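Step one of this worksheet: look at the structure below.
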Amino acid sequence: GALQFTQGTNQQMRAIVSSGPLTTLNNHTLAYWVKFNAVGDSDWRRLIGYLPSGSDRAPGVWTCPNSTNVLGLHHKVNPFNSGFFCLNQTGDNNGTPYATNAWYHITVTKNDGVANYYLNGLAVIAGTFSTPMTSGAGTLFIGYDNVFLAAGMVIDEVRFYNRALTLSEIQAIRDLNP
């Protein structure tokens, strides 16, 4: 079932990962369903993160801090904060923000340095992020990660793959609904 988190709390789900798709992440996909139950606030709030030893918190997803309570997402696909910064539904930080109490299917793929961001099965934005990621055993966090408090959300069907999924595969996952 879905996990529910209260904004700004230390609620978390975590798993120690010693092998599998999360240990080799230079080419990967992260897909999940999320419904926000709180608007953005003045702090970074964690949705999902994988922390291998020596990692710079990549891959990871946070809500972006702001003073206007607008929901935007920071998807980190590489070390040193490389990734999609404070995206809203239109793929930038000036368009339609994410709403509360609405489900979104979000997928980010990375293949040979090119990352793609999909919202509800549609391509929104692409970027080039060529720095290799730290790989290996680590901890997967949903919600609080011992540094960043949890985002206010309900999250479901979190999936990592060790390859970039195709558009048709992304749409098939989206069609499963939360």
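The values are calculated or read from the model by the stated rules, or taken from the named source; none is laboratory data. Keep in mind that what you see is a predicted model, and the values were worked out from it rather than measured. With ideal geometry, Cβ positions are generated from the backbone for all residues, glycine too; neighbour counts draw on all protein chains shown. Each accessible area value is taken on the protein alone, full model and side chains, heavy atoms only, with ligands, DNA and RNA left out. Shrake-Rupley method; radii C 1.70, N 1.55, O 1.52, S 1.80 Å.
Asn37 passes every criterion in (1) closer than 13 Å to Tyr144 by Cβ; (2) modelled with pLDDT of 85 or more; (3) open to solvent by 60 Å² or more (accessible area, probe 1.4 Å) apart from (1).
Conditions (1) more than 21 Å from Asp175 (Cα to Cα); (2) in contact with a helix residue (DSSP H, G or I) (Cβ under 7 Å, 6 or more places away or on another chain); (3) open to solvent by less than 20 Å² (accessible area, probe 1.4 Å); (4) modelled with pLDDT under 90, marked per residue:
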site: Pro65; (1), (2), (3), (4): yes, no, no, yes
site: Val70; (1), (2), (3), (4): yes, no, no, yes
site: Asn78; (1), (2), (3), (4): yes, no, yes, yes
site: Asn81; (1), (2), (3), (4): yes, no, no, yes
site: Val108; (1), (2), (3), (4): no, no, yes, no
site: Gly113; (1), (2), (3), (4): yes, no, yes, yes
site: Ala137; (1), (2), (3), (4): yes, yes, no, yes
site: Tyr144; (1), (2), (3), (4): yes, no, no, yes
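Considering (1) surrounded by fewer than 17 Cβ atoms within 10 Å (Cβ to Cβ); (2) assigned to a strand (DSSP E or B); (3) of a type outside the set (A, V, I, L, M), the lone condition that Tyr117 does not fulfil carries the number (1). The C-beta contact set for segment 1-15 (first residue within 22 Å of Ala102 (Cβ to Cβ), second residue hydroxyl-bearing (Ser, Thr, Tyr) and in a loop (DSSP other than H, G, I, E, B), distance under 9 angstrom, 6+ apart or interchain) comprises Phe5/Tyr144; Thr9/Tyr144; Gln11/Tyr144.
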